[in-house]
Every structure is written in structure tokens, then in C-alpha cells.
Protein chains: 4
Amino acid sequence: MSEPDFKYFPRLRNQLFHIVFGTDTRAGKLFDIILLWAIVLSVLSVMLESVKEISETYDTVFFISEWFFTILFTVEYILRLSITAKPKKYAFSFFGIIDLLATLPTYITLFVAGGSYLIVIRSIRLLRIFRILKLGRYLREASVLSNALAASRYKIFIFLGAVFTLAMIMGTLMYMIEGGESGFTSIPRSIYWAIVTITTVGYGDIAPQTVLGQSFASMLMLMGYAIIAVPTGIVTSEIAQAEKDKKKEESSGRGVCVACGKKGHDDDAIFCKNCSAKL
Amino acid sequence: MSEPDFKYFPRLRNQLFHIVFGTDTRAGKLFDIILLWAIVLSVLSVMLESVKEISETYDTVFFISEWFFTILFTVEYILRLSITAKPKKYAFSFFGIIDLLATLPTYITLFVAGGSYLIVIRSIRLLRIFRILKLGRYLREASVLSNALAASRYKIFIFLGAVFTLAMIMGTLMYMIEGGESGFTSIPRSIYWAIVTITTVGYGDIAPQTVLGQSFASMLMLMGYAIIAVPTGIVTSEIAQAEKDKKKEESSGRGVCVACGKKGHDDDAIFCKNCSAKL
Amino acid sequence: MSEPDFKYFPRLRNQLFHIVFGTDTRAGKLFDIILLWAIVLSVLSVMLESVKEISETYDTVFFISEWFFTILFTVEYILRLSITAKPKKYAFSFFGIIDLLATLPTYITLFVAGGSYLIVIRSIRLLRIFRILKLGRYLREASVLSNALAASRYKIFIFLGAVFTLAMIMGTLMYMIEGGESGFTSIPRSIYWAIVTITTVGYGDIAPQTVLGQSFASMLMLMGYAIIAVPTGIVTSEIAQAEKDKKKEESSGRGVCVACGKKGHDDDAIFCKNCSAKL
Amino acid sequence: MSEPDFKYFPRLRNQLFHIVFGTDTRAGKLFDIILLWAIVLSVLSVMLESVKEISETYDTVFFISEWFFTILFTVEYILRLSITAKPKKYAFSFFGIIDLLATLPTYITLFVAGGSYLIVIRSIRLLRIFRILKLGRYLREASVLSNALAASRYKIFIFLGAVFTLAMIMGTLMYMIEGGESGFTSIPRSIYWAIVTITTVGYGDIAPQTVLGQSFASMLMLMGYAIIAVPTGIVTSEIAQAEKDKKKEESSGRGVCVACGKKGHDDDAIFCKNCSAKL
């Protein structure tokens, strides 16, 4: 969090900076809490507007709340842009773009008719919550999780590729076994069924009726049941590794040998295991 | 388990204390077993009363059993309150409140008509079983489990938050793709579908019908299938850690160095790793 | 496998013993393979007899096959009983009882009409396969698995108890929220629904229709999704431990120090870590 | 990747070898990318041809594309066969057979009417993608995964056997409890239901209706829920082991003792643990 420069109104700007971007002052915390509620309420209003019975009765309420939140978020966006020291960097950062997208859809509906498809973009506002949650303890734990996932991404890709190939071959087989009846009307649909089955979701809108089809389906289920162990195993071993690394890093500051510079000593070591100098 | 004070009838009270709160005497064990059956039967009677065919035939049986158990639990509650040394502490403890809630609902139905909503409170009686199970071996294992869960609570929160955000965005997307047909009638309903799908429950009451919708659903399933690995990984690594800690603690009694007081030596260590004194 | 005594026909009996109970001779292996097929075919015939279309056409085939397998298993049972050295111990062992149960049902149907309920007992014949599979490699691996499960049985009990309690409370809640409509007609049925949901099975024969009910159901699903991590974590950490123990045990034979008797040295250790004698 | 011999046109052949089999030249990479797209498009065309509405409209497009890809793959197969140094070894290798199967089905439909069953073989073309993905990083990670699965194959077999036996016994029980109603019309069908339930797929096309049946089903679900922990535990502990082995092997190159040749020293070891020579 780089300090802003102090060209005009240096004091005011500095104070605003601490309120808007900071979290350590009382005003900064209040700002975050108000923003949190504004985001939650604006998303909730988008959700409820899609329920026919509610939207017909409270038509004007939704119209007003939509414009209220849009103007609020616009003011906030301009504020952030003007008080940060590096406006360009902010504008093109992940949260900068999300902040902009939170305001745009409502303005577009003024010019373009039928902008109802922008509803998805409006629900993206929820992502802004993570900006506020990006604090202390949560951030550290989230980094352990994302490191573990990043480290196992190659294995996860291979795994998903293998599962998808299995789904394609089993889907094609079932299309031929079950024929047009009982929902297996085309290969893509059968592949959809195979994925529904392997992942153990099991809607039941498509289900095999013949004895041969049910036997193959049983095989596929048992395979899916055993296969789910694979991503779990991968992520578990990576998380265990990530936890270990985090601990080592935390203790390594304390555990550096002043004599030879060796890191990573045990927590209760007294002598360096490399050169026997006292730690 | 603090000993009660001995103001009046010190002998009787002391004996009762060992029967009601203790588990090491024969009478204490018998008391626990009778209580266990009373709880199970009272909960069972609440459950069966809700089945129309049964409740109509055995109307009076349920009425009698309900009052029998209520009076039994009331006597037990007063007994516990009067023989413990610290009645206030007991009354506001977790099990003290549960014990009180086990008796109240039936009395309230005397004064308030239509107290059928108190059925939930009555089924809470089941929680009292844990008081009886809170013995020896079970308690130790339960503490390992709850420690592991407590240690991973931040990661679990982040995980559930990420899953819920994913469900909201995918739900909104599917609402737009599938339209009003095939059950996706509003965004909240679509989010409900997304949660049903990610968690691999898959009722099938709402299921995509269009090709695009099925493709997106397949993606969501595969993501849910891979995502389930995350909480498993978190809890597994925490349980492994908790197990290790428990073992270290258990062995540390034996492994304390008499010379320097250092704990946590390996099981087969002969010399203290801290001061080299013989263990 | 104790050697039989040699009172009468010592040679013949000894040979039969090696064929029937042993697996190291050619005849013993052949005996096992024939028995394996007899078991599989007899179970398959029981299964297929329950399919109406098949049983009506091949009525006599099933009758003959049933008596053929029953007599075969009876001969085998008598043979085992007569050649073993300790007939009583065999008769009351796990596999002794299974072997007897494999023959009884068919005889009972001679005297008792409508013995169709013995079908379950007949399908228990399948368990006999494990006797034949109880060989070498499989036995060792199975013991690792069963040790891990046995070691975590207390934790699994606590876990299942907690899940069941959660299902009861949530089931009672949903019964009150959803009312008689949409399948939640009684508390036991609602508990059944809660278990179907927590375990992520999700038949969809009972599914919430109200907004409040769907919100609670979503919560329950997310909890079930996170809860599944617990048994996995327990068993994983126990299997890892069991694997480690097995390895240590295997290497301990080789790794016993002749000087001090210390076990459990590393695989590549040359000197005893206890007394520094050469291993 | 053995170098081809240079009998005729040694230069051209060598260049082609590097393009077709190699991946380190620019032409080789381009060849791989073109092939990747050809495979994906040919499989996609097979999938879409099975959708009635599409296949009726674009009849000729599918006919042309099918022959285009078949001829392309035939040319590629002949090319590979002619430029490799050991044509026989290639022809009977896993990918050699897959490459041949990718071309055959279309030719067979010329002579045999109704060769629509060859659709499965045509969808096997997708497997050829793995040849292209078999590169660097992916290959190494895939070998960790397949080693872990291979090491735990005995445990997985035992596990699947136990699950299947459980499904048979529970299926037979449910057939007797539920009778012909609610879908449990025969034992094989009930076993199918039991597998659908244990694996938590839960289609809901067959679901218990009686109270006793629902109680047994609940038990089966809870068992399935706890059982899923077993394969996960097995694979997790194997993957953790495989990861450790891989790391040890990678570091062992650096850690070989020049004096005695001992491998597998710790990362921070300075002296050989076998002969005490400096590393």
C-alpha cells in the first residue's frame, strides 16, 4: 500500500486514503463495514428482482435501489481513482476492473434496450467482498490454499482430462447400448449423463433401463467412486506440504545460524546442525 | 467434577452426587443407562407422533408417554440443580440449558394453544445423549476431532465462501441460459440448483435441458468434483497434525528430562537432546 | 493351519487336507478354482431366479442347479469337518458357520413352505469367496486396511453419531417448514430426506419446494459437503500410520541389533542407534 | 526415441522423423498442433453426427469431414510407419494400435452395411491426444499418479470387492423388504439400486417407499458415506509416498557419495551416512 503523493490538499487526501484503503483506523473499519452491507444488499436486490412475484409488486423499490447503489459505487470508484498515488495501476488491477464493472451495467441499460443480460455482470459485485475480507488471518490461510492448488494444477489437469475422456468413451458406449429410449438420444447427451454419473451428482433425468446399460452404469459409478480419491489425494498431499513450508518459513527467521547462514533448523535446536555454532 | 459441599445431609447428597454425575460406581452406571433409554424413547415418541396413521390410533399412549418423560426429566433437572455445589454454573452451562429445554415445551403447551412448533425443541433432547457418551475414550477422540476442525476453521470459511460465490455466479448464468423453462424460474432458485449440483447431491427436480445449459452444468460438476478435495485435504492435514500433537503430549510425560525439564523427546531417545543428560 | 492327526488312513487324510485347506499344491489350487466358480455360479443363479421373465422360462434349470450346488457344498462341508484335526473349532469359526449356512436353506424349503426369505442366506454364499481370496498379498493388504479401520472406530462412531443427530434436528426443522406438501409428511420421513441429502445421495423423491426450505436444504448440503472431509481425514491419517507400522515391522526382523536387541532401525542403517554395535 | 537408420534419402527421412515424432523443432511443434486440432474436430464431428436434428441438415458436411479426417490419419499412419527405424515395434505399441484404429472404421463401412457400431472405435481417436500431451512436465506428473495408483491396486481391488459384496447382500435384503413395488422388481435391479446408493450417485428412479426400506437405505447411505473415506485414504497415502520418492530420486543425483556410491542422502547432509566421506 504505497503512500499517496501530497500535491493538493495533502492532509485531506491522506486522511481519505487511510479511510478508503486502510483498515487500521476506526473510520477505515466503518467504511469497510458500510461497503460490505452495500454490496450484499445490492446483490440481494439483483437476485430478488428475478423472482417474478416479488419484482411485479415492488417494481419501483428495485428501480430506486438499483440507481442508489450504482451512484454509491460510482462515487466510491472515482474516490479511489483520485486519491491513490498510481491511478493507472489501480484502474487495471483485478479489483479496479471489478469496481468499474460494478457500476457500468446500470448506465448501459439507459442506452441499450433489453440489457437484462448484464445481470451476470451485476452479480459479479459479490466478488468485491473479497477485497474487504482480504485481511490478516484470512489472507494468510487463503495463500496456503491457493499455493497448494497452484502446485497441483498439472496433476489436476491430467486428472480432469482423464475423467473427460472416460466420460466420452462411456457416453458413446451407452448411446449404443441404450439406444434412443430412456433419454440417451445423442452422444453429447450421453456424455452429459456420463459426467453426471462419474461425479456422483446423479440427477436421474436420464437413467439406463436395460440390464446391460445398468451393468455398465454400475461399473462407471464404482470407477467414479474410486476416482474421486485421486484429486483428494493430490490436494491433501500438497496442502500438507504447503503447511510444512509455511511453518518452516515462519521459524526460519528465528532459526538462521549467524555463523554459517544455514536456515530451517528445528524449533528446539540449540546448536546449528551445519557448523555446530550456537544458534 | 468438583465435590459438593456438605451443609445438610452430607452423606445422602454425596451419594446422590456420585450416582447422578459420576460414572464409576454401579449405581451411577445404572442411572446413566436408564437415562439413556428414557431419552431415546422420548425422542422416538416425538418422531412417531408426527406420523399421522400412528398418532391417530395411539393418541392417548403418546399423551401419557409425553407427560411421563417430562415429569421424569423435571425431577432429574431439580435433582441435578440441588446436589451440585455450584447450581448457577450448572444452570448456565451447555448441558444445564439443554436439560431445562428438555422439560419446558410440554409445560408451555398447557398455556399456549398450538405449541406444535416446540417439537424441534423436544427433539433437542437427543443432544443429552452426548452427556452420557462423554466418557473416557470417546471424549479423548472427540477432542482430537474438534481440535482439528477448530484449527482449520479459517480455511473452511474461505472455502465455503468461495463455493457460495461460485454457486451465485453459475446460478445467475444458468438462469439466463435456461430461461424460465426446466425449473430455472428465478436467480435464487438457480443458485439453489447450483448448490445442489456442486455438492454432488443432485436431486434432479431442476435439471438443464438445453445443450449450452448441459455443457455449463457439466463444467460445474467437474469443478465441484475437484473442489471437494479441498476441505478433505484441509481436515486431513489438520487431523494428522492433531494426532501427532496428542501422541507427543502422551509420550512427553515419560520423556521429560530430569536434568533440564525438556519435553517431547523421541520414543527411543536415550540422551536428552537439549542437555545430553541421560533420560 | 494345524496339521491333522493321523489315526485312520493317515496318508489319504493328509493328502486331502492339503488339497482342501492348502493352496501350495497343484491339486489344492485346482480345488480352490473349482470352488470359486461353484460359488459364483450358485450366487448368479439365485440372482437370476428373482427376474420373473427368466425364472418362468427356465424353471427346471434353476431347480436342478440349486440342488446340484447344495449337494456339492454339503459334500465339501462334511469333507472339511472330517479331515480337520479340530472339527469343533472349525464348526464354530466364522467360515465354518458360513459354510454351513451355504447348504441349509435348500433343505429347509423341503419342510417349510414359502422359504423364499432364505434367499438372503443363500446370497451369503458370496462371502465364501473371501476364504479363497485370503491368500498372500491380499491378506497382508486387507490387514492394513482393517487395522486402520479398527484404530479409527471410536472416531467413526462419534462422527456417525454427530451426523445422525444433525439429520434428526434438520429433519424435524424441515418437517415444520415444508409441512405435509412436497413429501415431508412425517418426521421419520424428513429424517430420511436429511440423511439422503447430507450423504449427497440426493434421490429427489422428496425435495423442498418453499424458498425457506430450499435455503435450509442448501445449508445442509454445504455442511454435508464439508463434513465428508472428516471420515476421510480420519481414515487417511490411520492408513498412513498403519502403512508406516507395517514397514517398520517388516524391516524390524532384519533390523534387530544382535548386541542390545533394539528393533526398528532405518533400512540403510549400519550401526545400532542404541548401542553403536554393528548390525 | 531411437534415431532412424539412413538407408534411402537419409536427410529427408531424418528431417521428417524430427517433425513427426519430435517436439523440439518449430516444424515439429506445428505438426503436433495441427494434429491436435484434427483429432478434436474429427471427434467433435462424430459426436454431433449423433444428434438427429444436426445430422439431417448437414448430412453431406459430416460425410466429407469423415473422409477428410480418415485420409489425413491414414497418411499420417503410413508416414509414421515408414520413417521409424523399428516399424514392427511401432505397429504393435499402444499408440501404434490406436493410430491404426483411428483410420479403420470408415473403410469398413464401405464393405459392411450398418457399421454404426464402429462409432465407439472412432471416438477412441480422442486417446491420441495423450500422445501429444505426453510431453515434459505432464509426463512426469502423470507417472507420479500412475505409480501411486499401481502401488495401491491390491487395496483398491479388496475395497471394490467389499463394496460389491455389500451391494449384493443389501440389494437382496431390499428386494425382500420392498417387494415388487417401487422399482425393486428383481435382485439384479436391487443390486443396481444398492450400487447407485453406496456410491452416492442417487438417480432416484428406484427409491424405497416403506418405512423399513427407508431405514435400511439410510443405513446403507451412512455406510457408503463413511466407506468413501477408504479409497481416498489409500490413494492419498500412496501419492504422498510417491511424491517423497520422486523428490528423493531427484535429489539423489546430487547426493551420491563419490566414495561409496550411496544414494538418497538428506538435502542438508554434509557427510555420507554410509562411509562418513565428505559429500
### Query
Other chains near C:52-60: what is the mean number of their Cβ atoms within 10 Å of each residue's Cβ?
1
## Note on the structure
For segment B:144-251, the charge dipole (Cβ of Lys, Arg +1; Cβ of Asp, Glu -1; about the Cα centre) points to a positive end, and the Cα of B:MET168, B:ALA217, B:THR185 closest to that extreme belongs to B:MET168
### Query
Just how much of D:LYS52 is accessible, in Å², when a 1.4 Å probe is used and the result is rounded to the nearest 10?
140
### Message
Net charge around B:GLY233, counting only other residues with Cβ within less than 14 Å of its Cβ (Lys, Arg = +1; Asp, Glu = -1)?
### Response
-2
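Give me a single rounded figure for D:154-162: the average over its residues of other chain Cβ atoms within 10 Å of their Cβ.
Values: counts 8, 7, 3, 4, 10, 7, 4, 6, 3.
Averaged over the peptide's residues, the number is 6.
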### Task
Tell me the label-point distance for the pair D:LEU12, C:ILE98, using the 7 Å Cα-to-Cβ offset, in nm and rounded to one decimal.
6.8
### Query
Heavy-atom accessible area of B:LEU173 with all protein chains present, probe 1.4 Å, nearest 10 Å²?
40
### Query
Where does each of B:LEU79, A:LEU41 land when they are ordered by accessible area, with a 1.4 Å probe and the largest first?
A:LEU41, B:LEU79
### Task
Assuming a ≥ b ≥ c are the square roots of the Cα gyration tensor eigenvalues, decide whether segment D:10-134 counts as rounded (a/c under 1.5), prolate (otherwise, with a/b larger than b/c) or oblate.
prolate
### Query
Tell me, what HN-Hα J-couplings in whole Hz come from the Karplus equation 6.51 cos²θ - 1.76 cosθ + 1.60 at θ = phi - 60° for each residue of segment D:59-64, using x for Gly and Pro?
3, 5, 4, 5, 4, 5
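Order the following by accessible area, largest value first: D:ARG11, C:ARG128. Probe radius 1.4 Å; ligands, DNA and RNA are ignored.
Of D:ARG11, C:ARG128, the descending order of accessible area is D:ARG11, C:ARG128.
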### Message
Using the Cα centre of segment D:10-134 as origin and beta-carbon charges of +1 (Lys, Arg) and -1 (Asp, Glu), tell me which of D:VAL61, D:MET47, D:THR103 is placed farthest towards the positive end of the dipole.
### Response
D:THR103
## Note on the structure
Buried accessible surface, A vs D, both sides, probe 1.4 Å, in Å² to 100, equals 4100
### Query
What shape does segment A:144-251 take by its C-alpha gyration tensor, where a ≥ b ≥ c are the square roots of the eigenvalues and a/c under 1.5 counts as rounded, a/b above b/c as prolate, and the rest as oblate?
prolate
### Task
Rank these residues by their accessible area, most exposed first, probe 1.4 Å: A:ILE198, A:ILE158.
A:ILE158, A:ILE198
### Summary
Note, segment B:208-214: 3J(HN,Hα) by Karplus (6.51, -1.76, 1.60, θ = phi - 60°), whole Hz, Gly/Pro = x, goes x, 10, 7, 4, 4, x, 5
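Per-residue Cβ counts within 10 Å, from other chains only, averaged over D:188-196: what number is that?
Neighbouring Cβ atoms belonging to other protein chains average 6 per residue here.
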### Summary
Pairs over 26 Å Cα to Cα, from C:LYS155/C:LYS244; A:LYS89/A:LYS244; B:LYS29/C:LYS88; A:LYS244/D:LYS155, come to A:LYS89/A:LYS244; B:LYS29/C:LYS88; A:LYS244/D:LYS155
### Task
Would you kindly find the accessible area of B:ASP205, with a 1.4 Å probe and non-protein molecules such as ligands, DNA and RNA excluded, rounding to the nearest 10 Å²?
60
### Query
Near B:THR106, within a Cβ-to-Cβ distance under 13 Å, what is the net charge of the other residues, with Lys and Arg +1 and Asp and Glu -1?
0
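The values are calculated or read from the model by the stated rules, or taken from the named source; none is laboratory data. All figures in this text were calculated on a predicted structure; none of them were measured in a lab. Heads up, the Cβs are rebuilt from the backbone with ideal geometry, glycines too, and the neighbour counts pull from every protein chain shown. The protein model used for the area step is the full one, side chains on, heavy atoms only, and it has no ligands, DNA or RNA in it. Shrake-Rupley method; radii C 1.70, N 1.55, O 1.52, S 1.80 Å.
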